[in-house]
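The following block contains the structure, expressed as structure tokens.
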Amino acid sequence: MDDWKLLEENLRGKGYTVETFPDRCAAAEWIENQIGGRTVGIGGSVTVRELGLFEKLSKHNTVYWHEEPPENMTAMETRQAASRADIYIASVNGISLQGEIVNMDYTGNRVSAISFGPREVYLIIGRNKLAPDLPAALDRVKNVASPLNAKRLNRKTPCAVRGDRCYHCKSPEKICRNLSILLERPAGAEYHIILIDEDLGY
């Protein structure tokens with residue numbers, strides 16, 4: 001069985017609703033059609049930006065994303081509003097073939113909202129996030145996703161300078177502060193996993 005199909009089967013076995021798409025355009029259109037007249041929070045995500053979801057969803061929803069804060073709100077206030085929204089949208093830093101979902105955060109707003117709060121959570125996952133097992137997913141988060149995100153955010157850390165791996169630094173600007181692993185679907189919310197057969201984000 002193809003790994004992508006096996007991942008889909010394993011995620012369904014863990015209680016997630018799973019949708020698969022061949023590319024970002026099809027996925028973005030489907031998500032836009034699912035969400036209307038709601039409050040939507042978005043976590044820090046290159047993948048979400050690549051799908052253009054902030055612009056699409058803002059046409060018929062109230063959307064909170066700290067990368068595009070409202071004029072009367074700070075980035076932190078926007079993060080807090082996002083965590084209280086009806087729907088939360090984010091990507092992941094890594095996922096194992098068995099369906100274990102791994103994320104690393106700086107402030108913790110994204111991992112906390114994914115775990116608890118919103119009524120519905122949409123997690124958008126490109127094919128490049130897939131790892132064969134949990135140790136490999138954790139390795140991907142530390143040595144691929146986190147260095148690239150630190151570099152994107154212009155952090156003064158060894159990994160951001162080279163963008164290649166974790167150096168286990170003690171820098172005050174390090175973004176690796178809050179690790180989350182979803183072993184199974186958390187209780188209390190509806191989870192939509194959006195699998196896209198395309199490399200997206202970090």
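The values are calculated or read from the model by the stated rules, or taken from the named source; none is laboratory data. It should be emphasised that the depicted structure is a prediction, and the values quoted were computed from it without experimental measurement. Reconstructed Cβ throughout: ideal geometry from the backbone, glycine too, with neighbour counts over all protein chains shown.
Quick grid of which residues meet (1) among the β-branched types (Val, Ile, Thr); (2) on the phi > 0 side of the Ramachandran plot; (3) out of contact with any Phe, Trp or Tyr (no Cβ under 9 Å at 6 or more places or on another chain); (4) assigned to a loop (DSSP other than H, G, I, E, B):
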| residue | (1), (2), (3), (4) |
| --- | --- |
| 137 | no, no, yes, no |
| 140 | no, no, yes, no |
| 147 | no, no, no, no |
| 160 | no, no, yes, no |
| 167 | no, no, yes, yes |
| 176 | no, no, no, yes |
| 179 | no, no, yes, no |
| 185 | no, no, no, yes |
| 188 | no, yes, no, yes |
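Within segment 35-89, take every residue that is of a type in the set (S, T, N, Q) and out of contact with any strand residue (DSSP E or B) (no Cβ under 8 Å at 6 or more places or on another chain) and give me the one that is surrounded by the fewest Cβ atoms within 10 Å (Cβ to Cβ).
Of everything passing the filter in segment 35-89, 72 is surrounded by the fewest Cβ atoms within 10 Å (Cβ to Cβ).
While we're on this one: Under 6 Å between Cβ atoms, which residue pairs at least 6 apart in sequence (or on different chains) link something in segment 129-152 that is at pLDDT 95 or above with a partner that is in a helix (DSSP H, G or I)?
131/137; 131/140
State all residues of segment 155-201 that are over 29 Å from residue 11 (Cβ atoms), in contact with a helix residue (DSSP H, G or I) (Cβ under 7 Å, 6 or more places away or on another chain), modelled with pLDDT of 90 or more and not β-branched (Val, Ile, Thr); if no residue qualifies, say none.
Of everything in segment 155-201, those that are over 29 Å from residue 11 (Cβ atoms), in contact with a helix residue (DSSP H, G or I) (Cβ under 7 Å, 6 or more places away or on another chain), modelled with pLDDT of 90 or more and not β-branched (Val, Ile, Thr) turn out to be 159, 160, 167, 169.
Sticking with this one: So which strands (runs of 3 or more DSSP E) stay within segment 28-122 end to end and still have 1 or more residues that are of a type in the set (Gly, Ala, Ser), in contact (Cβ under 8 Å) with a residue 12 or more places away in the chain and under 25 Å from residue 11 (Cβ atoms)?
39-42, 87-91, 94-96
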